[in-house]
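The values are calculated or read from the model by the stated rules, or taken from the named source; none is laboratory data. In this text, all values refer to a predicted model and were calculated from it rather than measured experimentally. Methodologically, a virtual Cβ is constructed for each residue, glycine included, from the backbone with ideal geometry; neighbour enumeration extends over all protein chains shown. Side chains are part of the model used for accessible areas, which takes the heavy atoms of the whole protein and leaves out ligands, DNA and RNA. Shrake-Rupley method; radii C 1.70, N 1.55, O 1.52, S 1.80 Å.
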Amino acid sequence: MQMTMIEALNSALILELERDQRVVLLGQDIGANGGVFRVTEELQRKFGEDRVFDTPLSESAIIGSSVGMAVYGLRPVAEIQFAGFLFACMNQLASQAARIRFRSAGAYTCPLVVRAPYGGGVRTPEMHSDSLEGVFLQTPGLKVVIPSNPYDAKGLLASAIADPDPVLFLENIKLYRSFRQETPEEHYSIPLGKAKTVQDGSDASIFAYGAMVNVALEAAKLAQQEMGTSIEIIDLRTIWPLDEEAIVHSVEKTGRAIVVHEAPRAGGIGAEVTAIINDRCLYSLLKPVGRVTGYDTPYPVPGLEDYYLPTPARVLTALKQVMEP
């Protein structure tokens, strides 16, 4: 069945609510309104207010309550309306949810999923477009997942809900309704921590995730037309833990690499992927690893975001640099 990402996520939540009575959904306006982007539309009507319920506008209360529910046997899926508001529940995520297994020496786990929309290109107000995934890379015990298409979104969300540890599940706003993809109606899962080769290539590797996968595909097409180069594109999908084997295998094959993400450059996924490449396949590199990212500034006002976001043209420029002899 052809689904948008919104429909794929909604389908995944329906199936998990049906399959496991421990699954509950909570967040601001997710009930009668179906969430700000309608990911949870009709779910309260189908499963009742005990399984799908609205919360006060308090991110710390949403995640704090979810941690308690998860530790004592439920599998909460909490929605934070926009990723920029994750700062308001940072203590609950980093100090409580992510540390439960360590703090209890394995006696307790925290099977919690926190869903949050993020990303630019749709002209949102301040704090609504920020890509904060890099902030959570240094939070041991927390997994971070970012799908790039409807099929992966459904399968990855199923795995996130089944995971015994907390998962931050970030959904790019621009991808919600931008295209449809053949997606099974039945339940399936995609393992966390496994990247996917979107396009095979032999001359250079591009590592991306979320909306930047499509940007990478467009840049690879331009590179093929202008330079005749064959570009391999790897969708990281889970950005923590990273699929190191997929990264190393691709770079050992192509000898050149670029990382693309819309989050700020400093301390981001690009830096971590580059470090992995330097540690594990330095002698395979023909040129230094390139990075095409957002800038180390607060996310700009809507009228300027086109200058901030990575574009196929910027990625093509980086490809030309790594392809130089």
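Listed values, structure above:
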{"read-out": "Scaled radius of gyration (Cα, divided by 2.2 N^0.38 Å) that segment 273-325 gives", "value": "1.44"}
{"read-out": "Long-range amide H partners of residue 24 with built H, under 5 Å", "value": "75, 77"}
{"read-out": "DSSP bridge pairs, segment 168-325: antiparallel proportion in percent, nearest 5", "value": "20 percent"}
{"read-out": "Degrees between helix 212-227 axis and first principal axis of the chain (Cα, 0 to 90, nearest 10)", "value": "20 degrees"}
{"read-out": "Binned Cα-Cα distance frequencies in segment 1-113 - 10 Å width, integer %", "value": "15, 44, 33, 8, 0"}
{"read-out": "Flagged links, alpha-carbon separation over 19 Å, of 221/320; 143/194; 196/287", "value": "196/287"}
{"read-out": "Farthest positive-ward along the chain dipole, Cα basis, beta-carbon charges - from 212, 173, 104", "value": "104"}
{"read-out": "Heavy atoms of residue 249 accessible to a 1.4 Å probe, total area in Å² rounded to 10", "value": "120 Å²"}
{"read-out": "Dipole magnitude of the chain, debye to nearest 20 (Cβ charges: Lys/Arg +1, Asp/Glu -1, about Cα centre)", "value": "340 debye"}
{"read-out": "Most fluctuating residue given options 260, 301, 213, as computed from a GNM of the chain linking Cα atoms under 10 Å", "value": "301"}
{"read-out": "Counted charge near residue 201, where neighbours are those whose Cβ lies closer than 11 Å (Asp, Glu -1; Lys, Arg +1)", "value": "-1"}
{"read-out": "Phi to ³J(HN,Hα) by Karplus 6.51 cos²θ - 1.76 cosθ + 1.60 over segment 191-204, Hz, x for Gly, Pro", "value": "x, 6, x, 10, 7, 10, 7, 7, 8, 6, x, 10, 9, 7"}
{"read-out": "Distance between segment 230-297 and segment 9-70 - C-alpha centres, whole angstrom", "value": "35 Å"}
{"read-out": "Carbon plus sulfur fraction of accessible area for segment 234-282, probe 1.4 Å, in percent", "value": "48 percent"}
{"read-out": "Order by protection proxy (mean Cβ within 10 Å, highest first), peptides 227-236, 148-157", "value": "148-157, 227-236"}
{"read-out": "More than 18 angstrom apart: percent of Cα pairs within segment 23-68", "value": "23 percent"}
{"read-out": "Share of carbon and sulfur in the accessible heavy-atom surface of segment 140-198 [1.4 Å probe, %]", "value": "51 percent"}
{"read-out": "Total charge dipole magnitude, segment 102-169, about the Cα centre, Cβ charges on Lys, Arg, Asp, Glu only, Debye to nearest 20", "value": "120 debye"}
{"read-out": "Distance-filtered residues of segment 154-172 - backbone nitrogen under 20 Å, label point 7 angstrom along residue 104 Cα→Cβ", "value": "160-168"}
{"read-out": "Acute angle (nearest 10 degrees) that the helix 312-322 long axis makes with the longest principal axis of the chain, alpha-carbon atoms", "value": "50 degrees"}
{"read-out": "Phi-based couplings in Hz for segment 169-181 (Karplus 6.51, -1.76, 1.60; Gly and Pro marked x)", "value": "10, 9, 10, 5, 4, 5, 7, 3, 10, 6, 7, 10, 8"}
{"read-out": "Accessible surface, the chain, averaged per residue in Å² (probe 1.4 Å)", "value": "41 Å²"}
{"read-out": "Crossing angle, helix 59-71 versus the chain [Cα axis fit, 0-90 degrees, rounded to tens]", "value": "80 degrees"}
{"read-out": "Rounded percent of accessible protein surface that carbon and sulfur make up, segment 1-106, 1.4 Å probe", "value": "51 percent"}
